[in-house]
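The values are calculated or read from the model by the stated rules, or taken from the named source; none is laboratory data. If you're wondering where the values come from, they're calculated on a predicted model, not measured in any experiment. When we count neighbours, we look across all protein chains shown, and the Cβ atoms used for this are built from the backbone with ideal geometry, even at glycine. Protein only, heavy atoms only, side chains kept; ligands, DNA and RNA dropped before computing areas. Shrake-Rupley method; radii C 1.70, N 1.55, O 1.52, S 1.80 Å.
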Amino acid sequence: MMKEEKAKKAVKHFFPRDLIQSVEPYGSGHINSTFLLKEMDESGERRYILQKINTDIFRNPEGLMENIRNVTEYLRKAIIENGGDQERETLNIVLTTEGKPFYRDEEGECWRVYKFIEDAISYDLVEKPEDFYESAVAFGNFQRLLADYPAETLFETIPKFHDTWFRYQTFEQSVQKDVCGRAAEVSEEIAFVRNHMELAKKLGRMQEAGELPLRVTHNDTKLNNIMIDEKTRRGICVIDLDTVMPGLAVNDFGDSIRFGANTAYEDETDLTKVSCSLELFELYTKGFLEGLNGSLTKKEIDMLPTGAMAMTFECGMRFLTDYLDGDTYFNIHRPGHNLDRCRCQFALLADMERKESQLDAVIQKYSKICQISVC
Ligand code: ADP
Ligand code: GN1
Ligand code: MG
């Protein structure tokens, strides 16, 4: 059965009245399969997001959905207290007809539905710098709102998700196995990884030494995981909550930078277009620190540029590992897609390294402002 047909069957377990008019593939996420649902009745049209959860990656869908249910309920209380709109400022799970947060079909595939956040857009590339600033405020705010969330109650949906040194070792295993015979063709990229071994160890060591605290973080802070309100241009909702787990604040910062401060798309093949925009880096720093409103330590602030480099490196290395493994993890849309993505990340990291002192200077500028007026 085709994916769409399976999706149509799954829909019936959320919407027993047969009012769904269409089920179309949607969005550009790399992990889950996402569909847009349109429902029509006497009162008009309503839209929903249907997702097939990637259970090869998320092995415990019960734990995953419990995390999302609890985190969204927690956020909802804060939104209501602040006089916000709970329909648009957090994800809203639509339960199955049996009252469950997801439906498991006969083949064991797991489906969930969210209300569609209307009049908002998610971007794969920054179109207006102010939108990137707003996304930073929203991600910073999100982390601050979850600062007192009981971290021990969260399931670790993907163990060692941002353990860059673990990712490095996994990469080396894939090079050794070379199941598709692709290693020879990517010797330059393999050498690039090996030249960055120290970067892979750095943040993990600092965490172990107690220099960087574990916090409840989002862990997948790409620009397209924020909904920007079409009218107000505010970052109204943080979505894609599958990886909300204890993590490092600098990694949330870093992942946003590697995606949003890149002047090119994540899979750009013309590497001359790839660079780390200092303007966007500065805007994001300002917004993120404002959203966090003084909840980072001085050490965390100092390490923000390292977070950006480590996340760019880790992500490139994960794309390369997947290319070597035969493209089994990330959704791809063309042959060599993961290699293109890897090259783009490595070109971006090289540019960040060239600009390291400028990135540090930006951070120090905001670190000072932060200490005087907010922290
Ligand atoms: P993935 O884990 O595959 O990245 P996401 O949960 O990020 O999946 O969803 C993919 C895309 O679908 C998002 O980038 C966004 O454009 C859209 N999307 C997801 N949830 C919603 C929602 N509740 N309302 C509107 N759009 C959404
Ligand atoms: C995946 O799900 P999505 O597309 O938002 C991945 C991230 C990577 C990102 C690279 C669970 O994010 O870790 O940084 O692709 N998510 C998972 O674009 O592995
Ligand atoms: Mg996503």
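Consider G44 carefully, then state whether it is within 16 Å of ligand 3 (Cβ to nearest atom) and not β-branched (V, I, T).
When the stated conditions are applied, G44 does not pass them.
Can you find a residue that is farther than 25 Å from V193 by Cβ and assigned to a helix (DSSP H, G or I) anywhere in region 314-327?
No, there is no match, as no residue in region 314-327 is farther than 25 Å from V193 by Cβ and assigned to a helix (DSSP H, G or I).
Scan region 190-202 for residues that are farther than 17 Å from M352 by Cα and open to solvent by less than 70 Å² (accessible area, probe 1.4 Å) and jot them down.
I190, A191, K201
Restricting attention to region 312-331, does a residue exist that is out of contact with any Leu (no Cβ under 9 Å at 6 or more places or on another chain), within 19 Å of K222 (Cβ to Cβ) and aromatic (F, W, Y)?
So far as region 312-331 goes, yes, one or more of its residues are out of contact with any Leu (no Cβ under 9 Å at 6 or more places or on another chain), within 19 Å of K222 (Cβ to Cβ) and aromatic (F, W, Y).
Out of the residues in region 89-135 that are surrounded by fewer than 18 Cβ atoms within 10 Å (Cβ to Cβ), acidic (D, E) and assigned to a loop (DSSP other than H, G, I, E, B), which is nearest to ligand 2 (Cβ to nearest atom)?
D124
From E279, E314, E356, grab the single residue that is buried (at least 19 other Cβ atoms within 10 Å of the Cβ) and modelled with pLDDT of 95 or more.
So the residue among E279, E314, E356 that is buried (at least 19 other Cβ atoms within 10 Å of the Cβ) and modelled with pLDDT of 95 or more is E314.
Could you list, in sequence order, all residues of region 20-56 that are charged (D, E, K, R) and surrounded by fewer than 15 Cβ atoms within 10 Å (Cβ to Cβ)?
Listed by number, the residues that qualify are E24, D41, E42, E45, R47, D56.
Looking at Q86, Q143, which is the one that is assigned by TED's automatic domain parsing to the domain that holds F253 and either within 30 Å of M197 (Cβ to Cβ) or open to solvent by 20 Å² or more (accessible area, probe 1.4 Å) (or both)?
Q143
How many of the residues making up region 329-347 are without any contact (Cβ under 8 Å) to a residue 24 or more places away in the chain and within 16 Å of ligand 1 (Cβ to nearest atom)?
3
Which of the residues belonging to region 282-311 are within 15 Å of N251 (Cα to Cα), acidic (D, E) and buried (at least 18 other Cβ atoms within 10 Å of the Cβ)?
Matches in region 282-311: E300 only.
Could you please tell me which pairs satisfy a Cβ distance under 8 Å, a separation of 6+ or placement on different chains, a first residue in region 20-31 that is touching a residue at least 12 places away in the same chain (Cβ under 8 Å), and a second residue that is within 7 Å of ligand 3 (Cβ to nearest atom)?
Filtered contacts from region 20-31: G27/N224; S28/N224; G29/N224; G29/D240.
Name the one entry in F166, F161 that is within 28 Å of Y26 (Cβ to Cβ), surrounded by fewer than 20 Cβ atoms within 10 Å (Cβ to Cβ), in the same structural domain as V250 (by TED's automatic domain parsing) and not basic (K, R).
Only one candidate qualifies: F161.
Consider P159 against the criteria (1) in a loop (DSSP other than H, G, I, E, B); (2) over 24 Å from L199 (Cβ atoms): it satisfies all of them except one. Which criterion is unmet?
Single failed check for P159: (2).
Where in region 210-304 are the strands (runs of 3 or more DSSP E), entirely inside, with at least 3 residues that are within 21 Å of R341 (Cα to Cα) and within 16 Å of ligand 1 (Cβ to nearest atom)?
Output list is empty.
Look through A261, A308 and report the one residue that is among the aliphatic types (A, V, I, L, M) and under 23 Å from Q169 (Cβ atoms).
None of the others qualify; the one that does is A308.
Run down F155, F171 and say which single residue is more than 25 Å from F281 (Cβ to Cβ) and in contact with a Ser or Thr (Cβ under 7 Å, 6 or more places away or on another chain).
Residue meeting the stated conditions: F171.
Every residue, every condition in (1) on the phi > 0 side of the Ramachandran plot; (2) more than 10 Å from ligand 1 (Cβ to nearest atom); (3) part of a loop (DSSP other than H, G, I, E, B), yes or no:
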position: F35; (1), (2), (3): no, no, no
position: M40; (1), (2), (3): no, yes, no
position: Q51; (1), (2), (3): no, no, no
position: D56; (1), (2), (3): no, yes, yes
position: Q86; (1), (2), (3): no, yes, yes
